[in-house]
């Protein structure tokens, strides 16, 4: 990787509003931690304090590194002041730090470069003060009637949260929106996202920013991290995992320390390619020459550090930097103050550095400001840059009994405990390293240098973006549990919209007034593609069974789906595989905060209404009320709300050692993760990427939040462009894909669902499309299917339609590009919407069909579509490659809440001849053949079969067993088949067979049913032969063979091998007519007549049909003819079908 220059620096740390103040605090050995006040907690903090560890709903420490006296001017940014005023401090601190960093770089006001500057922030996915303020009233209103009834006091109200500002609904978009707000407020590029890699987040952000620079997707990047979660939530969490320093003092690298002190703050750097910074005369504060990321894989516990993973991060950093660890003058340790963590880290340093005969000075600034969690790395980096510039290493304070590594490679003398001049190692270059290790096994090690390190000012060429292949997938959306179920729903146009499952909203669904207040006009929960239930293999996934019901369901569902995707890809354990999960904060976590608040809210409410209760009754009331919101929180549940643990669980399960983190960018999350995955693969940093996305968007918090922003559909559930749709549809679920470089996937003979040709983001839909076409090196007319975003939000739909019509102009080829959206099947899954569209489109490419859009009628504005190349398929149809084309190409559209437009180009891998499909074998249709020697025997056999089917727990298995038994009696005189889709049909067929068999014997006629059950009393016997008969012309019709291509995918290859493919493609538009509005019966009748009048079209479609049906009967059913006949034009069909005329296209 080329070197990256740090040209700007800013920080907002406890008791330090900028790097200069922070430096003064360091050299003066100031401890900036203190006890929480009402300003941080909102109410008297002692309400929640209990010194006894493990006390429910209490914290045993209130110490922290807090930001106080922060002043912010909302008018300094390119967003409405009233919008910014309603945002949480996480947004305001980020805006402040971003502006200061850019000012420090010297580029403030230079819009040409800022327009090419992206922003990536590490960010906690915990609730914030204002997000809590958004959801608390919902919970309070929901439980108020029950409390009033308990107290027999109809006017009783719980005390409300103290508020100083009206909270914007955007505060609920906790995980990803801060980076987007920074980008909009400073007019930066569309490269913006937030990630959570726990305490490694800062350096993960810097690493991804470096990739954007190396790929030349950006010319400048803002990177950093923020820690600004709700103060009470953080304290409850670390009390829950018993991670606090009991004496309230942070003592990293000290033997007596037993815990950490959390802190708040933000730090950012401005980055450029080093050669560009030298060329432009920038003030280079330091240069990044190595940044090693890793995951522990299978470790001791998700919260326990592991030497293996830490050493691997060291190895990767120095390999990338191409320098010796001996050249490191100083190492800023992660060192949080936990004895296990600090001891493990020193031993990791000793293991790696000892191998290289190196023993650097070490220290940690966490004793000064506390542990800033996601922003911890920025504290260390800021300290090291300032130390280099000042030629002085400040002391690590509060170290009374210094730690040492087991082998003494790092001894007490290595810990900088007094101000120390920067080491002079007979070189003009100063080098230092900073480590950051986090929960979930995330590890990072950053190497920086200062000095004249590279006289060459020529910028390196961009890292070439290699094509990426999707080699594994899985999905669970709505009622689709698994990839096969999801694919079947797509092909069959099945929808999964159901009423809200009982107990899902914990009774809030019955609060009519509350629901109307939050935008549900009829006061009822909306129909949605809800997940009713799911289970998880606790043994295989290594989740304690007793914890399942208490864990964040997001983590469990994502683990289930990702595990199946990895198996589908055939990955092996222990690989250098990255795990990226697109996810927002699970909003139900706010129930925990409400539980904690209820004790004081109940008391103050009683006091306000002059209600006095005995202590025992008061205690009982509090417990009942708190339990009605949420059960007491245990350690495992706290851990499950640490976002990156989702990725860490997958890495631990498969022992993957690549970077593992979550990232969020609203509805574009999965597609931005796709771009990141492509860069990681292109650079060779990892061998594969597991990319997952999840959003349980059917939760009450999600639905009530989003219903305030846009109307929920009250019309027909279909593609939102439809005239009968009028809003967004509730959906939820998770999906996962596995990615490898395309060339690697081909070499390793992987199944390749689809190939990523381009991913693009822009401020306008047309621009995103054009950029994607350029990257993929295609023309828009080569795209035959566009998976549109179709959110149902009117402004977004209008903008999307306008952009698509601009990007895909009419070319004279008529209707040549279908559009559709998975939301018509499973609703709007928000953060997971991108992965749902990706998986759907990849499946359509792999199985070669244009997907159905269920319940489509016609567009809201048909005049806008007039003359466009688009049509909508109301039934799935085979997808033929256009003449002159070599592969099928599709596109995916997306829009973020920040109005960032995305366009992705996917194509099939045409070399994938064997395309595994379980569609036919999983058809809900069963065949039960039975054999008998006589009429009476047949009745006995039917009785036996009836009982077998009635008792069956799996009809597929029973059918297979019945067929095996049938083959054992192949010499019997009679055979009878019973067919049906389910038990009810099968038993009804058996009942009909009893009478039908008797009639067949009496009258000598065959018995058969529309479902396919059959019996003849005059079997032809073993001496009979089979003949194929090909009738004369005029047998084709609209829709002929539509499902055959899906049931028997080899048909495509058979047509190719017999030189019939282009002929079939020529008549495809006649047999499967295209239209933008749904065709009415009268229109279909007209088209049928046009087909009948087209002699050549009829002839060619019949020949193609005869050929592939012959192949199916002969090869799949093994019904081989002794002779074949054709009459009239059927002779031609016969010759082509039998391969006698092998070059029909050539004449």
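The values are calculated or read from the model by the stated rules, or taken from the named source; none is laboratory data. The model shown is predicted, which means the values in this text are computed figures rather than measured ones. Cβ sites come from the backbone with ideal geometry, for glycine too, and all protein chains shown count toward neighbours.
Observations, loosely collected:
- Residues located in the stretch 1-28, provided they are over 25 Å from residue 287 (Cβ atoms) and touching a helix residue (DSSP H, G or I) at 6+ places or on another chain (Cβ under 8 Å): 14, 15, 25
- Candidates 308, 298, 319 - the one that is under 26 Å from the mean Cα position of the chain (by Cα) and surrounded by fewer than 21 Cβ atoms within 10 Å (Cβ to Cβ): 298
- Any hit, the stretch 86-96, residues being under 31 Å from the mean Cα position of the chain (by Cα), surrounded by fewer than 22 Cβ atoms within 10 Å (Cβ to Cβ) and either farther than 26 Å from residue 373 by Cα or not assigned by TED's automatic domain parsing to the domain that holds residue 518 (or both): yes
- Within the stretch 681-697, restricting attention to residues that are touching a helix residue (DSSP H, G or I) at 6+ places or on another chain (Cβ under 7 Å) and surrounded by fewer than 24 Cβ atoms within 10 Å (Cβ to Cβ), the residue that is nearest to residue 651 (Cα to Cα) is 686.
- Boolean, residue 1040 is under 45 Å from the mean Cα position of the chain (by Cα) and not assigned by TED's automatic domain parsing to the domain that holds residue 964: yes
- Filtering the stretch 626-643 for residues that are surrounded by 24 or more Cβ atoms within 10 Å (Cβ to Cβ) and outside any helix (DSSP H, G or I) leaves a non-empty set.
- Members of the stretch 485-511 found to be part of a helix (DSSP H, G or I), modelled with pLDDT of 95 or more and either out of contact with any helix residue (DSSP H, G or I) (no Cβ under 9 Å at 6 or more places or on another chain) or surrounded by fewer than 17 Cβ atoms within 10 Å (Cβ to Cβ) (or both), listed by number: 485, 488, 492
- Filter result for residue 986 (more than 30 Å from residue 1128 (Cβ to Cβ) and at pLDDT 95 or above): yes
- Of the numbered criteria (1) buried (at least 24 other Cβ atoms within 10 Å of the Cβ); (2) farther than 16 Å from residue 832 by Cα; (3) touching a strand residue (DSSP E or B) at 6+ places or on another chain (Cβ under 9 Å), the one residue 736 fails is (2).
- Single residue of the stretch 391-413 satisfying the filter (more than 44 Å from the chain's Cα centre (by Cα) and closer than 25 Å to residue 289 by Cβ) that is surrounded by the fewest Cβ atoms within 10 Å (Cβ to Cβ): 391
- All of 1064, 1032 fail the test of being surrounded by 18 or more Cβ atoms within 10 Å (Cβ to Cβ) and assigned by TED's automatic domain parsing to the domain that holds residue 1132, apart from 1064.
- Exactly one residue out of 466, 475 is under 26 Å from residue 689 (Cβ atoms) and assigned to a loop (DSSP other than H, G, I, E, B): that is 466.
- Any pair with Cβ under 7 angstrom, 6 or more apart, that starts in the stretch 261-288 at a residue that is not assigned by TED's automatic domain parsing to the domain that holds residue 92 and ends at one that is part of a loop (DSSP other than H, G, I, E, B): none
- Against the test of being touching a strand residue (DSSP E or B) at 6+ places or on another chain (Cβ under 9 Å) and in the same structural domain as residue 744 (by TED's automatic domain parsing), the options 699, 692 yield a single qualifying residue, 692.
- Residue within the stretch 107-128 that is over 24 Å from residue 19 (Cβ atoms), in a helix (DSSP H, G or I), without any contact (Cβ under 8 Å) to a residue 60 or more places away in the chain and in the same structural domain as residue 191 (by TED's automatic domain parsing) present: yes
- Applying the criterion of being assigned to a helix (DSSP H, G or I) and out of contact with any helix residue (DSSP H, G or I) (no Cβ under 8 Å at 6 or more places or on another chain) to the residues of the stretch 768-783, the residue that is surrounded by the fewest Cβ atoms within 10 Å (Cβ to Cβ) is 774.
- In the stretch 866-878, the residues that are touching a strand residue (DSSP E or B) at 6+ places or on another chain (Cβ under 7 Å) and more than 14 Å from residue 1056 (Cβ to Cβ): 869, 870, 871, 872, 873, 876, 877
Yes/no matrix, rows are residues, columns are (1) free of Cβ contacts under 8 Å to residues at least 12 places away in the same chain; (2) closer than 25 Å to residue 264 by Cβ; (3) out of contact with any helix residue (DSSP H, G or I) (no Cβ under 8 Å at 6 or more places or on another chain):
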residue: 381; (1), (2), (3): no, yes, no
residue: 388; (1), (2), (3): no, no, yes
residue: 394; (1), (2), (3): no, yes, no
residue: 401; (1), (2), (3): no, no, yes
residue: 407; (1), (2), (3): no, no, no
residue: 410; (1), (2), (3): no, no, no
residue: 418; (1), (2), (3): no, no, yes
residue: 424; (1), (2), (3): yes, no, yes
residue: 444; (1), (2), (3): no, yes, no
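- Summed over the stretch 55-82, the residues that are in a loop (DSSP other than H, G, I, E, B) and more than 12 Å from residue 244 (Cα to Cα) give a count of 16.
- Only one of the numbered conditions (1) assigned to a helix (DSSP H, G or I); (2) loosely packed, with under 13 Cβ neighbours inside 10 Å is not met by residue 911, and that is (1).
- Just one of the listed residues (803, 790) is under 26 Å from the mean Cα position of the chain (by Cα), closer than 30 Å to residue 555 by Cα and either in a helix (DSSP H, G or I) or assigned by TED's automatic domain parsing to the domain that holds residue 867 (or both), namely 790.
- The set of residues in the stretch 807-823 being in contact (Cβ under 8 Å) with a residue 12 or more places away in the chain and either surrounded by fewer than 16 Cβ atoms within 10 Å (Cβ to Cβ) or part of a loop (DSSP other than H, G, I, E, B) (or both) consists of 808, 809, 810, 811, 813, 814, 815, 816, 821, 822.
- Candidates are the residues of the stretch 655-675 that are in contact with a helix residue (DSSP H, G or I) (Cβ under 6 Å, 6 or more places away or on another chain) and part of a helix (DSSP H, G or I); the one that is surrounded by the fewest Cβ atoms within 10 Å (Cβ to Cβ) is 671.
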